[in-house]
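Each remark here refers to the structure printed beneath this line.
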Amino acid sequence: MTTVNANLDPEALARLGLRTVDLAVMALEATVKTSESGARPEGVVRCDPKWFLEVEVARVRASLERVLMGRHPDEGLDALLEVGALELLLPEINAMVGFGDGEWRHKDVWKHTKQVVRQAVPRTEVRWAALLHDIGKIKTRRIEPNGEVHFFGHAEVGASMFDRLQRRLPLFKGEDALSSSVRFLILHHLRASQYDDSWTDSAVRRFAKEMGGCMGDLLDLSRADITTKRPEKKRRGLEAISELAARVRQIQDEDARVPPLPKGVGTAISATFGIAPSPRLGELMKKLKEAVEGGELDAQREAEYYLEWLRASGLVGG
């Protein structure tokens with residue numbers, strides 16, 4: 001990596017025909033090229049981290065997003081670290097570097113995050129959430145006397161940290177929907193991984209309602225968040241998410257389906273033809289449903305419409 005002495009003062013840089021902001025922009029462009037190609041370009045500049053504060057936020061946002069959306073985002077993230085950009089622009093991410101995979105028995109959060117970003121579908125909301133989903137782990141690590149490591153509440157803490165990040169560096173200014181989606185995904189990124197086949201239909205229905213329009217993004221983030229090196233564990237995790245997605249679709253399809261008959265038809269049959277609740281009444285209701293599903297009758301008409309059909313069909317007496 002080609003470097004420019006970060007200790008040079010602005011006057012010295014000016015004598016060289018350079019401005020600190022220009023060097024910072026060049027460095028960001030180099031990280032974008034790294035993400036897109038997977039290789040470091042020549043002439044990459046390592047900057048004094050504070051130089052990046054001179055770059056307008058919109059340009060910072062565009063560069064960071066291009067890194068995230070590249071074909072090799074993990075390489076681009078490493079380049080952002082190397083040029084000094086993460087230290088002041090995203091200290092929440094910079095703090096992950098070297099956090100774990102050493103003295104304490106938990107995965108290296110920086111390596112994990114880069115893998116999640118790389119595995120995530122290249123959709124803006126998902127890639128940003130993949131980058132930020134574990135920022136709360138830095139503040140929530142708890143080491144038990146037996147050496148076990150926990151990060152209780154890291155999703156909630158991460159969402160609050162995202163709020164503070166936005167106040168410090170308004171990356172998503174004017175894009176409230178995107179900001180809300182990214183925050184939502186950070187807050188709920190563990191929800192799908194908690195699924196197992198003991199969930200009732202009511203639990204699946206409640207999950208789908210709470211996730212709302214972020215459902216697809218959340219499931220994609222959950223798939224990307226599986227970074228285990230054990231093939232069988234990874235397979236089980238992916239299958240569980242696919243099963244959850246299938247159950248959500250099935251229940252939503254069932255809930256959206258219009259009932260063939262309006263409420264009260266059975267009561268009307270009983271009152272009109274003197275047929276008490278019985279297998280006989282059940283058989284008549286079944287015939288009506290089959291006629292609707294077969295296109296012979298309209299769905300959701302008034303009760304008299306179905307009573308008349310029963311009379312005309314000879315299934316009941318006048």
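The values are calculated or read from the model by the stated rules, or taken from the named source; none is laboratory data. Keep in mind that this is a model prediction, so the values were computed, not measured. Here the Cβ positions follow ideal geometry from the backbone for every residue, glycine too, while neighbour counts run over all protein chains shown.
Points worth noting:
- Once region 248-271 is narrowed to residues that are in a loop (DSSP other than H, G, I, E, B) and at pLDDT 90 or above, the residue that is farthest from the chain's Cα centre (by Cα) is G264.
- When region 108-125 is limited to residues that are part of a loop (DSSP other than H, G, I, E, B) and surrounded by fewer than 18 Cβ atoms within 10 Å (Cβ to Cβ), the one that is modelled with the lowest pLDDT turns out to be D108.
- Answer residue from region 201-213, given it is of a type outside the set (G, A, S) and free of Cβ contacts under 8 Å to residues at least 40 places away in the same chain and is farthest from L178 (Cα to Cα) among those: R206
- Qualifying residue in region 155-162 (condition: modelled with pLDDT under 95, among the β-branched types (V, I, T), more than 22 Å from L28 (Cβ to Cβ) and part of a helix (DSSP H, G or I)): no
- For region 53-83, the set of residues classified as basic (K, R) and either free of Cβ contacts under 8 Å to residues at least 60 places away in the same chain or crowded, with 19+ Cβ neighbours inside 10 Å (or both) consists of R59, R66, R71, listed by residue number.
- Residue within region 308-315 that is without any contact (Cβ under 8 Å) to a residue 12 or more places away in the chain, aromatic (F, W, Y) and in a helix (DSSP H, G or I) present: no
- Any hit, region 139-154, residues being part of a helix (DSSP H, G or I) and among the aliphatic types (A, V, I, L, M): no
- The numbered conditions (1) part of a loop (DSSP other than H, G, I, E, B); (2) under 30 Å from S181 (Cβ atoms) are all true for E296 except (2).
- Taken over region 135-167, the criterion of being surrounded by fewer than 12 Cβ atoms within 10 Å (Cβ to Cβ) and of a type in the set (K, R) is satisfied by R142, R164, R167.
- Residue check, L190 free of Cβ contacts under 8 Å to residues at least 40 places away in the same chain and in a loop (DSSP other than H, G, I, E, B): yes
- Just one residue in the set L221, L261, L307 is buried (at least 17 other Cβ atoms within 10 Å of the Cβ) and either closer than 30 Å to R191 by Cα or among the acidic types (D, E) (or both); that residue is L221.
- When we screen G212, G158, G216, G174 for residues that are over 17 Å from the mean Cα position of the chain (by Cα) and of a type outside the set (D, E, K, R), the only hit is G174.
- Any hit, region 37-52, residues being over 28 Å from Q119 (Cβ atoms), of a type in the set (D, E) and either modelled with pLDDT of 95 or more or not in a helix (DSSP H, G or I) (or both): yes
- A single member of S198, S242 is without any contact (Cβ under 8 Å) to a residue 60 or more places away in the chain, in the same structural domain as H112 (by TED's automatic domain parsing) and assigned to a loop (DSSP other than H, G, I, E, B), and it is S198.
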